[in-house]
1. Given the residues Ser305, Ser249, Ser275, Ser280, which is the only one that is surrounded by fewer than 21 Cβ atoms within 10 Å (Cβ to Cβ), under 16 Å from the mean Cα position of the chain (by Cα) and among the small types (Gly, Ala, Ser)?
2. Which ones in segment 1-38 are among the β-branched types (Val, Ile, Thr) and closer than 12 Å to Gln73 by Cα?
3. Quick one: what pairs do we get from segment 178-190, first residue closer than 20 Å to Glu221 by Cβ and in contact (Cβ under 8 Å) with a residue 40 or more places away in the chain, second open to solvent by 40 Å² or more (accessible area, probe 1.4 Å) and not in a strand (DSSP E or B), C-beta under 7 Å, 6+ apart or different chains?
4. For Leu173, state whether it is among the hydrophobic types (A, V, I, L, M, F, W, C) and within 19 Å of the chain's Cα centre (by Cα).
5. Would you mention how many residues in segment 14-40 are without any contact (Cβ under 8 Å) to a residue 60 or more places away in the chain and small (Gly, Ala, Ser)?
6. From the residues in segment 190-223 that are among the acidic types (Asp, Glu) and either in contact with a Leu (Cβ under 9 Å, 6 or more places away or on another chain) or open to solvent by less than 60 Å² (accessible area, probe 1.4 Å) (or both), which one is nearest to Glu268 (Cα to Cα)?
7. Please find, within segment 46-89, the residue that is nearest to the chain's Cα centre (by Cα) out of those that are free of Cβ contacts under 8 Å to residues at least 24 places away in the same chain and more than 24 Å from Pro114 (Cβ to Cβ).
8. Please go through segment 1-58 and pick out each residue that is modelled with pLDDT of 95 or more, closer than 20 Å to Ile91 by Cα and among the charged types (D, E, K, R).
Amino acid sequence: MKFLLLDGAHGEGGGQILRSALTLSMITGQPFRIERIRAGRNKPGLLRQHLTAVNAAASICSARVGGNAAGSQTLEFIPGRVKGGDYRFDIGTAGSCTLVLQTVLPALWFADQPSSLTVSGGTHNAAAPPADFLMRTWLPAMQRMGVDTHLELLRHGFYPAGGGAVRASVRPLAALQPLHMTEPGRSASVQAIAIVAALPGDIARRELTRLRHHFPEAAEEMRVLDAREGPGNVVMLEVARDNHREIFSAFGERGVKAELVAERAAGEALRYLASRACVSEHLADQLVLPLALAGGGSFTTTTVSSHLASNMQVLQKFLPVGFEITQNGDIPQIVVR
């Protein structure tokens, strides 16, 4: 059997290379072997969230897998046919539910029947897009490509406790449609959201007060969750334009003032608004794979990150796809062909 060989330490060297390879292997039927998984990270190899993504992918397509153990830096994955159905996966830590979902959902779009999928773990942590981003930024873009998927946040889960859950329902489609997101839209409104669980509500109030300095016209929302969903704190800024919505977030940490947390979220949102790009850095990472599967598309973004570059390189190993990076004024434009 011929394996496609991947270097897990290439480029950004994180879990994105593995997740993209799993997605593409399930869809294309191409076996792969990946070595040096996350070799340059403080804790190299497969962590719980990566292992859950591997096992979830294997379950969905009845794959034969070697090396799927905690800490493993080498993995072999031989996919079978993608099967729809009812799936439940528990990371067991605060590892990201959203990254597991983004690994397996594209494969279920092409399954033989509808699916439901529930992933338990962390829904809001600093190392991954929060569930709100998946539901309100990523999913609407996918729906414009023809995807019939719905997401529901069942319970918040913050680092380090976890305990959250997200549920997805998926109806298969015949093919993805190309998507073009090059113009940012003519107007923008901002909503500021501060969430606390098992923490004083004053933290959220201080965060909203600080955000008011940057976005005085923003709508404000404070959510005080049941203590059983914490402890945790997240600040989100939702920037809505007439053709697209982005969410920028920052997370409370022990010893970090609420005002600084708010400033972190504000800084990301302000840089995005100043750039006149349509797509944020984080969404750009997640757009190239579905655009490649669709056979075309384009977008402008704030920067070509190492995650984005690594993703494009993995895609070209599995698919006959090309990427052209040009400048649209002072911002990068990526065209997928």
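The values are calculated or read from the model by the stated rules, or taken from the named source; none is laboratory data. None of the values given here were measured: they were computed from a predicted structure. Please note: Cβ atoms are built from the backbone with ideal geometry, for glycine as well, and neighbour counts cover all protein chains shown. The accessibility values were calculated without ligands, DNA or RNA, using every heavy atom of the protein model including side chains. Shrake-Rupley method; radii C 1.70, N 1.55, O 1.52, S 1.80 Å.
1. The conditions single out Ser305.
2. Ile34, Ile37
3. Listed by first residue and then by second, the contacts come to Ala188/Leu273.
4. Criteria not met by Leu173.
5. 3
6. Only one residue tops the list, namely Glu207.
7. Leu51
8. Within segment 1-58, just Arg19 meets the criteria.
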